Amino acid sequence: MTRARTSPHRRRRLISIGTAAAVLLTSAITTGIAATSAQAAGSTLQAAAAESGRYFGVAIAGHKLSDSQYTTIANREFNMVTAENEMKLDATEPNQNQFNFSAGDQIVNWALQNGKQVRGHTLAWHSQQPGWMQNMEGSSLRNAMLNHVTQVATHYRGKIHSWDVVNEAFEDGSSGARRNSNLQRTGNDWIEAAFRAARQADPGAKLCYNDYNTDNWSHAKTQAVYNMVRDFKSRGVPIDCVGFQAHFNSGNPVPNNYHETLGNFAALGVDVQITELDIAGSGTSQAEQYRGIMQACLAVERCTGISVWGVRDSDSWRASDTPLLFDGNGNKKLAYSYALDALNAGGTGDGDGGDPGTGDCTVVVTRAEEWNDRFNVTFRVTDTSSWRVAIRLQGGQSLQNSWNATVSGTSGTLTATPNGNGNSFGITLYKNGSTGTPSATCSTT
């Protein structure tokens with residue numbers, strides 16, 4: 001079943017977040033994972049991402065699988081596949097209780113035959129509902145939604161890495177409210193119900209909430225989603241990951257606190273995934289923003305992967321914005337080079353823009369004791385006795401205390417050096433509204 005090219009994203013309004021600069025983050029590795037200054041270079045996006053244990057994915061349209069240039073690029077560069085339209089509600093259940101998986105199966109089978117994993121997109125959504133569902137309300141709709149989640153997730157059980165269980169359930173703007181959809185009108189617990197049904201149907205898949213315009217940590221929509229995820233985790237609702245669509249343009253650029261957003265969600269105990277990345281523009285400006293996204297993901301241990309929404313610019317739902325990593329002729333753009341270089345840089349560098357130093361140096365970051373207003377973080381350096389550790393704090397965090405090292409700075413990026421007490425040291429941080437774990441990188445001196 002071939003889907004029309006028009007994506008629901010064409011009907012989506014991207015909200016301006018002001019004139020935030022492109023993210024130019026120093027790469028880092030956070031809690032529980034070692035950051036090293038030596039890393040092998042990958043020659044493709046998937047190989048470079050794999051060096052840090054991440055995936056690099058792409059949205060695929062079934063009707064383009066006969067295009068050899070398209071499939072050659074997709075097969076070479078990406079190791080995670082999302083069906084652009086073929087697994088959505090109207091495609092998989094065009095008539096109530098009459099399921100059609102042919103188009104979705106085509107993409108899933110292509111992915112698995114080529115050694116790739118699959119993100120399932122999406123099980124419950126206010127948009128792209130089939131006509132019969134659009135006209136339903138109340139308990140009839142709730143039961144139909146749960147049946148859809150169960151039947152689709154069961155059909156693909158064991159083949160899906162992550163499901164976008166619920167998509168775009170919050171309003172844009174400053175209200176922080178749920179979207180007034182027919183699904184929301186079935187009761188405020190509909191999202192929770194969908195996640196529980198998905199877990200029962202496909203217990204091996206990671207279950208994600210996915211949304212757009214949740215990139216800026218200070219925005220009401222971001223905070224509303226964060227509060228929902230925090231509530232779900234506290235009550236045992238089965239949520240494993242949060243997807244950030246990451247559709248950016250000149251009115252909605254990559255915010256300079258993007259890494260903070262990812263880190264704060266990850267601190268709740270969920271993975272974060274960049275799920276539908278595309279950045280309108282061209283040249284160095286676009287390339288710098290792509291590099292910033294790579295660095296932001298690399299700076300958060302639980303940012304497990306990045307997916308772009310299309311292969312070539314001509315395949316994009318907003319092709320006139322030339323938002324992808326390959327042009328319409330399949331050539332690598334400057335943005336591709338910047339993204340690949342950032343992925344290959346991995347955890348190198350000292351975190352404050354200075355000389356990354358020479359030789360191998362590793363720092364392991366562990367979050368420790370925690371109180372209402374502050375928490376402890378410990379650091380263990382290996383491979384050298386002459387080191388400098390750059391510690392990038394999240395948001396408004398500030399230093400209260402340190403031990404077993406000389407630590408300079410009080411906010412932003414701290415610098416720690418040995419003071420004769422060995423290679424393990426710690427700090428106490430005031431949260432000041434930011435709960436994320438700081439990232440750290442090590443350099444030899």
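Residues of the range 100-138 with the amide nitrogen closer than 14 Å to a label point 7 Å from the Cα of His63, along Cα-to-Cβ, please. Backbone N within reach: 103. Taking the Cα centre of each part, how many Å lie between the range 399-445 and the range 189-211? What the calculation gives is 38 Å, centre to centre. Counting other Cβ atoms within 10 Å of each Cβ, which chymotrypsin sites (Phe, Trp or Tyr not before Pro) in the range 353-445 have at most 12 and sit in a DSSP loop? Of the chymotrypsin sites (Phe, Trp or Tyr not before Pro), the ones in loops of the range 353-445 whose Cβ has at most 12 other Cβ atoms within 10 Å are Trp371. Taking the accessible area of the range 95-134, probe 1.4 Å, and keeping the other protein chains in place, the carbon and sulfur fraction comes to 36%.
Secondary structure note: in the chain, about 50% of the DSSP beta bridges are antiparallel. Which of His247, Thr445, Gly138 sits closest to the plus end of the dipole of the chain, meaning its Cα is farthest towards the positive end, when Lys and Arg get +1 and Asp and Glu get -1 on the C-beta? Of the listed residues, the answer is Gly138.
Its alpha carbons considered, the chain gives a radius of gyration followed by a Dmax of 22.0, 72 Å. Within the range 287-304, which residues have the backbone N less than 19 Å from the label spot 7 Å out from Asp327 along Cα→beta-carbon, could you tell me? Zone members listed by number: 287-290.
Rounded to the nearest 500, the 222 nm mean residue ellipticity of the chain from helices alone is -8000 deg cm²/dmol, with -39,500 (n - 2.57) taken per DSSP H run of at least 4 residues. Accessible surface area normalised per residue over the range 181-257 is 31 Å², counting heavy atoms of protein chains with a 1.4 Å rolling probe. Ligands, DNA and RNA left out, the accessible area of the range 188-324 computed with a 1.4 Å probe is 44% carbon and sulfur.
Shown for the chain: lysine pairs separated by 8 or more places, or found on different chains, whose C-alpha atoms are under 29 Å apart, numbering 22.
Suppose R0 equals 35 Å; then what is the FRET efficiency for Thr72 and Ser139 from their Cβ-Cβ distance, rounded to the nearest 0.05? According to the calculation, E is roughly 0.10.
Here r is the Cβ-Cβ distance between Arg185 and Ser424 and R0 is 56 Å; the resulting FRET efficiency, rounded to 0.05, is 0.55. Computed from the C-beta positions of Gln113 and Thr154, the FRET efficiency with R₀ = 25 Å rounds to 0.70.
The values are calculated or read from the model by the stated rules, or taken from the named source; none is laboratory data. Note that the coordinates shown come from a computational prediction; the quantities given were computed from them, not determined experimentally. All Cβ positions, even for glycine, are placed from backbone atoms using ideal geometry, and neighbour counts span all protein chains on display. Just the protein is used for accessible areas: all its heavy atoms, side chains included, with ligands, DNA and RNA removed. Shrake-Rupley method; radii C 1.70, N 1.55, O 1.52, S 1.80 Å.
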